[in-house]
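**Student:** There's a structure below that I have some questions on.
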Amino acid sequence: MKICVIGTGYVGLVSGTCFADIGNEVICVDVDNKKINNLSSGIIPIYEPGLEEMVKRNLKQGRLKFSTNVSNAIKKSNLIFICVGTPIIKKTNAANLKYVFQVAKKIKSNLINYKIIVTKSTVPVTTGDKIENILKKNKFKSKFDVVSNPEFLREGEAIRDFVVPDRVVVGTTSKKAIKIMKSLYLPIIKKSTRFFSTSRRGAELIKYASNAFLATKISFINEMANLCEECNINIEDISVGMGLDQRIGERFLRAGPGYGGSCFPKDTRAIVTLAKKFRTNLSIVNSVIKSNENRSKILFNRILKILKNKIKNKQITFLGATFKANTDDMRESPCLSLMPALLLRGAKINYYEPTGAKKELHKFKKVNYSKNIVNATKKADLIIIHTEWNEFKHLNLKKLIKNKNVIIYDMRNIYSPEKMKKNGIKYYGIGK
Ligand code: UGA
């Protein structure tokens, strides 16, 4: 199939490349000239395991192209994927649809024949209806279908999530569009994935509801972890014991520093705002947002307790700065609220991050980036394992911390408290 992907951000780049990899002719377009030039030479702007190789392979085989000529790409394709960003509007907490509608207008002026227009960007319910209204007025009187096909790609696992998804959701009532979308996904859904077609508004809501539910699971287990810390129970036992019930499921029950990233914080706020518009109170999601916002305060108080209220001049090392492992993304990373709170109390912070120094942390004078784990932990009084990168999973902690007074605070529960105790290491996890 001939596919045009508009927007080469995270979603567009991964989806476009994966569509090319399963045999389609794909043109990925963007208004950013530099980005397109780089991509055309196989230089990718984000860190995503396996993506660079896949981009290079498909460029070489001619199935994947990058361009800034949006009109031309639209005209040449029969499937147009809208993958532009829908950032939050700070004042209203609603998704900003400015870029989506700009693209819709561009498609309208190039709609020379039947095309399927697919929204992959996370958009609130009724966005598809609005796009349809824009396209109806096209001067060529061409027919078209507007379909919602939300993405469920996790950063760091995006290629796997694309190739082996739990489900593919397609929202449209057009039989023709369903048939084409099904054949597009055939190489993937053959691997026994469920293809689920529903109404367009239904698909739009499935995306928000899924993210809100996953955020709820995480906040739920984080609150249980708080309780475990008070009752001397290991939260991991609770996660396993609950997760074995198939009605609950074991995934996304890992207690940690709170959810971050570009999706859960943004989408939980946006679904509450959307519901308000439809005069519905999503009280559970509202509580989840508050619970997650409160998470850094709880972790800060725990650090105070661990350091016996003596934070001034303490050297605190963060291993990992991004919101989770296998990404270079700092958006809503828990360390962005923890570090300033620690600095205010006079701490000195060192950090090591596998994807390099972070510009978001440059503004803090007393936050220092170290190029490796050894340097970062040399003077540490407290080491915080902030993300679960593989390289933090097999640290020779005994060798690394020569000073017996160093304390480890493992926010991802990578290590076993029993083993740490045996090795004489002062260790704290989450919910233990
Ligand atoms: C999330 C969803 O998982 C994807 O399905 C969705 O497509 C994507 O948002 C999106 O809307 O674009 P992502 O934000 O990349 O993906 O990352 P996740 O792996 O879901 O993690 C989100 C946050 O939850 C991270 O801060 C992570 O550390 C935290 N988390 C996750 C936990 O604290 N515990 C868990 O058990 C799982």
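The values are calculated or read from the model by the stated rules, or taken from the named source; none is laboratory data. None of the values given here were measured: they were computed from a predicted structure. Here the Cβ is made from the backbone with ideal geometry for all residues, glycine too, and neighbour counts use every protein chain on show. For the accessible areas, the whole protein counts, side chains as well, though only heavy atoms, and no ligand, DNA or RNA atoms are used. Shrake-Rupley method; radii C 1.70, N 1.55, O 1.52, S 1.80 Å.
**Student:** Pop out the ³J(HN,Hα) list for region 11-18 in order, Karplus 6.51 cos²θ - 1.76 cosθ + 1.60 with θ = phi - 60°, rounded to Hz; leave Gly and Pro as x.
**Tutor:** In residue order, the calculated couplings are 5, x, 5, 5, 5, x, 5, 5 Hz.
**Student:** Ignoring ligands, DNA and RNA, what percent of the 1.4 Å accessible area of region 14-74 is carbon and sulfur?
**Tutor:** Carbon and sulfur: 47 percent of the exposed surface of region 14-74.
**Student:** Which of the peptides 168-174, 141-147 is most tightly packed, and how do the rest follow, going by the mean number of other Cβ atoms within 10 Å of each residue?
**Tutor:** 168-174, 141-147
**Student:** Given R₀ = 45 Å, what would the calculated FRET efficiency be for ASN423 paired with GLN246, taking r from the Cβ atoms and rounding to 0.05?
**Tutor:** Using R0 = 45 Å, I get an efficiency of 0.75.
**Student:** In region 1-33, whose amide N lies under 13 Å from the spot 7 Å out along Cα-to-Cβ of SER67? List them in ranges.
**Tutor:** In region 1-33, the label zone of SER67 (backbone N under 13 Å from the point 7 Å along Cα→Cβ) covers 2-6, 25-30.
**Student:** Report the label-to-label distance for ASN301 and LYS399 in nanometres (one decimal), using points 7 Å from each Cα along the Cα→Cβ vector.
**Tutor:** Roughly 4.0 nm, to one decimal.
**Student:** A further question follows. Classify region 313-432 as rounded, prolate or oblate, taking a ≥ b ≥ c as the square roots of the eigenvalues of its Cα gyration tensor: rounded when a/c is under 1.5, otherwise prolate if a/b is larger than b/c and oblate if not.
**Tutor:** Note, shape of region 313-432 comes out prolate.
**Student:** While we're looking at this one, here's another question. Given Cα pairs under 8 Å that are at least 6 residues apart, what percent is the relative contact order of the chain?
**Tutor:** That works out to 12 percent.
**Student:** With only alpha-carbon atoms counted, please give the Rg and Dmax of region 208-290, in Å.
**Tutor:** Using the Cα atoms of region 208-290, the pair Rg, Dmax is 13.9, 44 Å.
**Student:** Quick one: work out the % antiparallel among DSSP beta bridges in the chain, nearest 5.
**Tutor:** Counting only bridges with both partners in the chain, antiparallel ones make up about 5 percent.
**Student:** May I pose another question? Kindly report, to the nearest 10 Å², the accessible surface of SER283 as traced by a 1.4 Å probe over protein heavy atoms only.
**Tutor:** 60 Å²
**Student:** Report, in whole Å, the centroid distance computed from the Cα atoms of region 217-291 and region 124-184.
**Tutor:** Here the answer is 28 Å between Cα centres.
**Student:** Give the percent of DSSP beta bridges with both residues in region 1-132 that are antiparallel, rounded to the nearest 5.
**Tutor:** Antiparallel: roughly 5 percent of the beta bridges in region 1-132.
**Student:** Can you tell me how region 2-198 classifies by the Cα gyration tensor, rounded, prolate or oblate, using a/c under 1.5 as the rounded cut?
**Tutor:** rounded
**Student:** Suppose every Lys and Arg Cβ carries +1 and every Asp and Glu Cβ carries -1, with no other charges. What dipole size does the chain come out with about its Cα centre, to the nearest 20 debye?
**Tutor:** For the chain, the charge dipole is close to 980 debye.
**Student:** Before anything else, pin down the relative contact order of region 7-79: Cα pairs under 8 Å, at least 6 apart, normalised by residue count, whole percent. Please list the in-between numbers first.
**Tutor:** Details: 83 pairs, mean separation 27.5, N = 73.
Here the relative contact order equals 38 percent.
**Student:** With every protein chain kept in place and ligands, DNA and RNA left out, what is the accessible area per residue of region 2-198? Probe 1.4 Å, answer in Å².
**Tutor:** Per-residue value: 46 Å².
**Student:** Please calculate the 1.4 Å probe accessible area of THR327, with all protein chains present, and give it to the nearest 10 Å².
**Tutor:** Near enough 0 Å² of accessible area.
**Student:** Let me ask something else. Would you compute, from DSSP H runs of 4+ residues alone, the mean residue ellipticity of the chain at 222 nm, taking -39500 (n - 2.57) per run and dividing by the full residue count, rounded to the nearest 500?
**Tutor:** Result for the chain: -13000 deg cm²/dmol, rounded to the nearest 500.
**Student:** Summarise the accessible area of region 208-290 (1.4 Å probe, protein heavy atoms) by the percent that is carbon and sulfur.
**Tutor:** C and S fraction of accessible area: 58 percent.
**Student:** Considering only protein heavy atoms, what per residue accessible area in square angstrom results for region 285-432 with a 1.4 angstrom probe?
**Tutor:** Averaged over the residues of region 285-432, the accessible area is 51 Å².
**Student:** Take the alpha carbon gyration tensor of the chain, find the square roots of its eigenvalues, order them as a ≥ b ≥ c, and report rounded if a/c is under 1.5; if not, report prolate when a/b exceeds b/c, else oblate.
**Tutor:** It is prolate, given that a/c is not under 1.5 and a/b is the larger ratio.
**Student:** Continuing with this model, one more query. For Cα pairs less than 8 Å apart in space and 6+ apart in sequence, what is the mean separation divided by the residue count of region 2-198, i.e. the relative contact order in percent?
**Tutor:** Numbers: 347 pairs, mean separation 37.5, N = 197.
RCO, region 2-198: 19 percent.
**Student:** Another question, then. Between ASN37 and VAL163, what length comes free when the chain is fully extended (0.36 nm per residue of separation minus the Cα-Cα distance, one decimal in nm)?
**Tutor:** Extra length from ASN37 to VAL163 when fully extended: 42.7 nm.
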